[in-house]
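Since the structure comes first, as C-alpha cells, the remarks are kept for the end.
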Amino acid sequence: MAEAVLEVEDLHTYFFNRRGVLKAVDGVSFTLYRGETLGLVGESGCGKSMTALSIVRLVPRPAARIVRGQVRLRGEDLLAKSEREMRQVRGRRIAMILQDPQASLNPVFTIGNQLVEAFAVQRRWPRRRLWTLAAEALRHVKVPEAARRLYDFPHQLSGGMKQRVVGAIALAGAPEVLIADEPTTALDVTIQLQFLRLLKELQAETQMAMLFITHDFGIVARLCDRVAVMYAGRIVEQGPVRAVFRQPAHPYTQALMASVPRLDVKVDTLATIEGQPPALDALPEGCRFAPRCPYVERRCQQAYPPMVPLQADHAAACWRLEG
Ligand SMILES: Nc1ncnc2c1ncn2[C@@H]1O[C@H](COP(=O)(O)OP(=O)(O)OP(=O)(O)O)[C@@H](O)[C@H]1O
Ligand SMILES: [Mg+2]
C-alpha cells in the first residue's frame, strides 16, 4: 500500500488587490506518496509556484491569502498550525529547492557556515562535528574537493555547484517531502541531467516524496512517477506518467504534448496552442480551456467539468470524457 505523506485538498490561494481577486490557485487537490515523484506541469503563470508556496504557507503577504482547502502532512493539518509550529515544518519536514540557487544562498556566508547552520537546527553538536557533517553532505551531492569548498562563498561556485549546495542544505533536515520548483532551469543541459540524477539517487536512499515543478515534459518523463497538469489555477489532468504520455485525455494535455518534441523522436516543427490562458482575475464561467479548445461544446461554456476517472489513478476534467 502506498503511504500518503502529503495531501493537498481543494486548495485555494487568491491575490487581493485594488482591481479585484486573482485566483492563482483555485481548487487544487493531489496526494504525494512516500518515495514517489509527482510532476506538476503547466504554462507560465498557471499557479505552480503559488501551489508550492501555499503548502509551506509562504505566500506573499498581505497580497495573497490561502482562502480555502486543506494541506495535511502525515495527517497533520498544516493550515491549522501556528507560525511557530510551521517553522518546525519548513526546512525540516518539507524542504524546498528553488529555481535560482543564488537567491537561496546567503552571499556573505561561506558554504560551510550555511551547511553547518542547516544541520545545527536539528543537532546540538559541537561545531567541529557539524563541520565534518557539512563536508560529508557536500561529498554526498558530489561536489568535488568538498572539504576545501566549505570555505568558499557562493559567488565562487558555478551555477550547477551552487544548486548542489542548495540541495545539500535542503536535505540536511532529512525532509519527508522535497518540493523542487524548476530547480534546473538556470543550469545548462548536461548539468541539469546530473543534478536530476543526483536527486533521484538521494530520493532512493531516503524515500522522501518529491513534488517536482517544471514545464519540461522531458524531465517529467525521466524523473516522475505521476504527473499533474495545471491550467489557469486548476489541475486538469492527473495520472501515472506512462498513462498520461500514452493517452493524454484532456485537450490541453494533448496540445501540450503535441507542442513538445518527443523524447525518442527528433522533431523540427512544434505544434503550438493557439491563444492565451484566461486572466486569473477574469476567469470564464465554464471550462477555462474552452476558448482555446478545438472540441469546445456548449456545455463547456456553461459549467466547469468534473474530474472524470479514466483508469486506475488517471483522471481528467473534460466534459467529453463524461460521454
Ligand atoms: N506577488 C504577486 N502579486 C500578484 N499576482 C501574483 C504575484 N505572484 C504571482 N502572481 C500571479 O499568480 C499567478 C500564479 O503565479 P505562479 O508564480 O504560481 O505561476 P507559475 O505557474 O509558477 O509560473 P512560472 O512557470 O512562470 O513560474 C500568476 O498569474 C501570477 O501573475
Ligand atoms: Mg513558478
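Odds and ends about this structure:
- Across the range 40-45, coupling constants 3J(HN,Hα) worked out from phi with the 6.51/-1.76/1.60 Karplus curve, θ = phi - 60°, read 10, 10, x, 4, 4, x Hz, and Gly and Pro carry x.
- Subtracting the Cα-Cα distance of residue 121 and residue 151 from 0.36 nm times their residue separation leaves 8.8 nm of extension gain.
- Size of charge dipole - the range 87-245 - debye, nearest 20, with Cβ of Lys, Arg +1 and Asp, Glu -1, no other charges: 660
- Karplus-derived HN-Hα couplings along the range 201-208 (A = 6.51, B = -1.76, C = 1.60, θ = phi - 60°), whole Hz, x at Gly and Pro: 4, 5, 5, 4, 6, 9, 6, 5
- Distant-in-sequence amide contacts of residue 235, defined by a placed amide H-H separation under 5 Å and a gap of 5 or more residues or a different chain, comprise 29.
- For the chain, built as a Gaussian network whose Cα springs stay under 10 Å, the top-fluctuating residue of 189, 308, 59: 189
- MRE, 222 nm, helices only [DSSP H, n ≥ 4, -39500 (n - 2.57), over the chain, to nearest 500]: -9000 deg cm²/dmol
- From phi via Karplus (6.51, -1.76, 1.60), per-residue ³J(HN,Hα) for the range 186-197 in Hz, x at Gly/Pro: 8, 9, 6, 4, 5, 5, 3, 4, 4, 5, 5, 4
- Entry note, the chain: relative contact order of 20 percent, from Cα contacts under 8 Å with a spacing of 6+ residues.
- Computed E for residue 86/residue 3 - FRET, C-beta separation, R0 22 angstrom, nearest 0.05: 0.45
- In the elastic network of the chain, a GNM with C-alpha springs shorter than 10 Å, the most mobile of 274, 43, 237 is 274.
- Per DSSP, loop chymotrypsin sites (Phe, Trp or Tyr not before Pro) in the range 86-182 with at most 11 further Cβ within 10 Å: 151
- Over all distinct Cα-Cα pairs of the range 105-190, the Kirkwood formula returns a hydrodynamic radius of 13.1 Å.
- Among 242, 18, 65, residue whose mean-square fluctuation peaks in a GNM of the chain (springs only between Cα atoms under 10 Å): 18
- Between amide H atoms placed 1.01 Å from N, distances below 5 Å from residue 308 occur with 316, 317, 318, all of them 5 or more places distant or on a separate chain.
- Simple Cβ-charge dipole of the range 48-105, Lys/Arg +1 and Asp/Glu -1, about Cα centre, in debye nearest 20: 140
- Counting only Cβ charges, +1 for Lys and Arg and -1 for Asp and Glu, the dipole size of the chain around its Cα centre is about 920 debye.
- Signed unit charges on C-beta, dipole axis of the range 177-259, positive-most listed residue 192, 213, 248: 248
Read-outs throughout are calculated quantities, based only on the coordinates presented, and are distinct from any laboratory measurement. Just so it is clear, the model here is predicted, and its values are computed rather than measured. Positions of Cβ are backbone-derived with ideal geometry, glycine not excepted, and every protein chain shown enters the neighbour counts.
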